[in-house]
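The next block holds one structure in the form of structure tokens; read it before the comments.
What follows is calculated from the coordinates using simple rules that are stated; it is not laboratory data. Everything numeric in this text was worked out from a predicted model, so none of it was measured. Neighbour counts run over all protein chains shown; Cβ positions are idealised from the backbone, glycine included.
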Amino acid sequence: MSERPVVQLIDVRKSYGAQQVLKGVNLAIMEGKTTVIVGGSGQGKSQIIKHILGLVRPDSGSVMVFGKEISRVSMRELKEIRTNFGVLFQNAALFDSMTVFDNVALPLRERTKMPEEEIAKVVNEKLAMMDVEGTNDKYPAQLSGGMRKRVGLARALVLDPKIIFFDEPTTGLDVAKSNEIYRVFSRTQTQLGYTAVIVSHDVPKIFKLADYVALLHDGVIQACLTPEEFQLSDDPVIKEFVETTMGPLYSSEMEV
Amino acid sequence: MLGIFDRIGSATLYYINEVGRMGIFLFHSLVSIIRPPYKVWPVIRQVYIIGTLSIFVILFTGAFTGMVLGLQGYHTLSKFGAEGLLGSAVALSLIRELGPVLAALMVTGRAGSAICAEIGVMRISEQIDALDCMAIDPHKYIMAPKFVAGIISLPLLTAIFDVIGILGGYLVGVGLLGANEGTYFSSMYKDVEFNDVYMGFMKSLCFGLLIIWICSSKGFFVHLTKGGGFGAEGVSRVTTNAVVLSSVSILLFDYFLTSILL
Ligand SMILES: Nc1ncnc2c1ncn2[C@@H]1O[C@H](COP(=O)(O)OP(=O)(O)OP(=O)(O)O)[C@@H](O)[C@H]1O
Ligand SMILES: [Mg+2]
């Protein structure tokens, strides 16, 4: 399969006051693949996602989504592009005065003409898939942090998006739940063939899911490699990241 | 000394910016009202929140405004021996001025502040961003029903205010102070013209738009507010601003509308 990028960041820079957060980010997200963005806390991973979503405008550089410069398109085009998105924010951003059911049903009600019975069916199916069925009538404030994340995931997936952005989907979940979520991801991805951009701290487990791993460090994407290449890389920054997160797995020969 | 010019300059730019984005906000919201699909249920819900829930306050303030008008009017008019005009004096002040203005001020305090806080919280908790990313237009989804409801509710609330006020004036003027019962209504019937009612109606319509516009756009742009629009404090500050600004603009616009419509 020929790979072509659906999202491309070219020399994206962004500062907040004196703080330079992104210092020339270059990244290509390949169609149908899962790209995982890793990096320390506060490095700007969520900022990269927000740039791609068109919520934040870069100071310089360009963000191309489906071949269009996202900060320059008209509002109508932007809306058109966003119909392909499924987004999970880091804080889940559920509508807090709506029940769980209404939260997940909202995209269906506003964007499709689906009748109410069918909506109920789809919503319950997605909630069951995320293992949060039976919370339909609760409000987000009445859920645990991990449950909120999973409702957010159900909402992001409800319209079968072409490209998904998940900001830390498994943070706050226990190991069994996050394994289950990963299984759901790989199953739905083979079903729907979507492109995925996942920000995660769950190294190395997330590597099993990834086609590419991108390390953000010091405001720059240090490298975007396959998980195997990533773990074996000689680049000192990557090596240090791999060693601190996974332990010195590959230096065992030297210790013998 | 340059500092002072810097400060004046940046403040000016900030306010020009703010007026600009509020203008664009109004434009988008009005356009989104016209654009299909039209959903009735959200509008009914908002009419309930903005209108129905304000009725008690409107009844209360309307009654007392009418009563004090009856009291003041009777004492002033009787100095000239013109108690017979009490009815038209009460009705005209209510219909042309006090009804629209006071009803709008009450709605600002009750519903305007609530709208601003609601939208402000949605903004700072990224719910508006989430809507945007789902390709659901927040103007269409959140603002349009509120605007329509404001434009529907305010004239109705004003009408209730006027009627209750006139009855309050009757209660005090005729019931307590002994003005003539027949002339109270007949003078009103003679002196109140269609133009007066039209003026009151137009005013209440404009005020409805004004309240929703200012309160919802203030909340919508809480994150761009000068001096930091962060968290609970940011929302509370912007809500106060919205209520003050809409109250002031109601009085300001009242003057201009009166001079245009007279
Ligand atoms: N609106 C803003 N104003 C000022 N600084 C900001 C703003 N948004 C983000 N930042 C800064 O940008 C940097 C990157 O933030 P970001 O949320 O992208 O980090 P992150 O990599 O997602 O971290 P984490 O893994 O903890 O979620 C942080 O230092 C943060 O302080
Ligand atoms: Mg983050």
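To the nearest ten degrees, helix A:145-157 and the longest principal axis of the Cα atoms of chain A are 80 degrees apart. If I take R0 = 41 Å and measure r between the Cβ atoms of B:Tyr14 and B:Arg45 in this structure, what FRET efficiency does the formula 1/(1 + (r/R0)^6) give, to the nearest 0.05? Rounded to the nearest 0.05, the efficiency is 0.70. With an a/c value under 1.5 for the gyration tensor axes a ≥ b ≥ c computed over the alpha-carbon atoms, segment A:77-201 is described as rounded.
Note on chain B: GNM, Cα springs under 10 Å; of B:Cys215, B:Cys206, B:Cys116, the largest mean-square fluctuation is that of B:Cys206.
Sites listed here are chymotrypsin sites (Phe, Trp or Tyr not before Pro) in segment B:1-102 whose DSSP assignment is loop and whose Cβ has at most 14 other Cβ atoms within 10 Å: B:Tyr38, B:Phe80.
Ordered by the count of other Cβ atoms within 10 Å of each Cβ, fewest first, B:Leu261, A:Leu53 give B:Leu261, A:Leu53. The C-alpha atoms of chain A occupy a region whose extents along the principal axes are 61, 47, 42 Å, arranged from largest to smallest. Dipole of segment A:5-226 computed with +1 at Lys/Arg Cβ and -1 at Asp/Glu Cβ about the Cα centre; of A:His217, A:Val123, A:Phe95, farthest Cα towards the positive end is A:His217. With the convex hull of its Cα atoms as the shape, segment B:2-261 has an orientation-averaged projected area of 17.3 nm². Net charge within 15 Å of B:Ala89 by Cβ-Cβ distance, Lys/Arg positive one each and Asp/Glu negative one each, not counting B:Ala89 itself? Here the count lands on -3. For A:Val175, A:Val104, the sequence from fewest to most other C-beta atoms within 10 Å is A:Val175, A:Val104. Fraction of C-alpha pairs exceeding 28 angstrom in segment B:1-152: 46 percent, rounded to a whole number.
Sequence-distant contacts, meaning Cα pairs under 8 Å at least 6 residues apart, place the relative contact order of chain A at 24 percent. Annotation: the antiparallel percentage among DSSP beta bridges lying fully within chain A is about 55. To the nearest ten degrees, helix B:2-34 and the longest principal axis of the Cα atoms of chain B are 70 degrees apart.
Counting only DSSP beta bridges with both residues in the protein assembly as shown, the antiparallel share comes to about 55 percent. Per residue of A:85-91, other chain Cβ atoms within 10 Å of the residue Cβ number 3 on average. Once Rh for segment A:149-209 is found with the Kirkwood sum over Cα pairs, what is the Stokes-Einstein diffusion coefficient at 4 °C and 1.567 mPa s, in µm²/s? The estimated diffusion coefficient comes to 110 µm²/s. Residues in segment A:220-236, backbone N under 16 Å from the label point at A:Asn26 (7 Å along the Cα-to-beta-carbon vector): list them, ranges by number please. Answer for this model: A:220-225. Taking other C-beta atoms within 10 Å as the exposure proxy, B:Met22, A:Met147 rank B:Met22, A:Met147 from fewest upward.
Could you work out the helix-only [θ] at 222 nm for chain B, with each DSSP H run of four or more residues adding -39,500 (n - 2.57) and the total divided by the number of residues, to the nearest 500 deg cm²/dmol? Before the final figure, lay out the partial values.
On the way: 11 runs with 196 residues, N = 262.
About -25500 deg cm²/dmol.
For segment B:1-44, the set of trypsin sites (Lys or Arg not before Pro) satisfying both a DSSP loop assignment and a count of at most 15 other C-beta atoms within 10 Å is given as B:Lys39.
Just so you know, the Cα atoms of the protein assembly as shown work out to an Rg and Dmax of 29.7, 115 Å.
Can you tell me the orientation of helix A:100-111 relative to chain A, as the angle in degrees between its alpha-carbon axis and the longest Cα principal axis, to the nearest 10? It is inclined by approximately 90 degrees.
All other residues with a Cβ under 13 Å from the Cβ of A:Lys23 taken together, and with Lys, Arg as +1 and Asp, Glu as -1, what is their net charge? Spelling it out: positives minus negatives among the neighbours equals -1. Peptide B:135-141 is shielded by partner chain Cβ atoms: per residue, an average of 4 of them sit within 10 Å of its Cβ.
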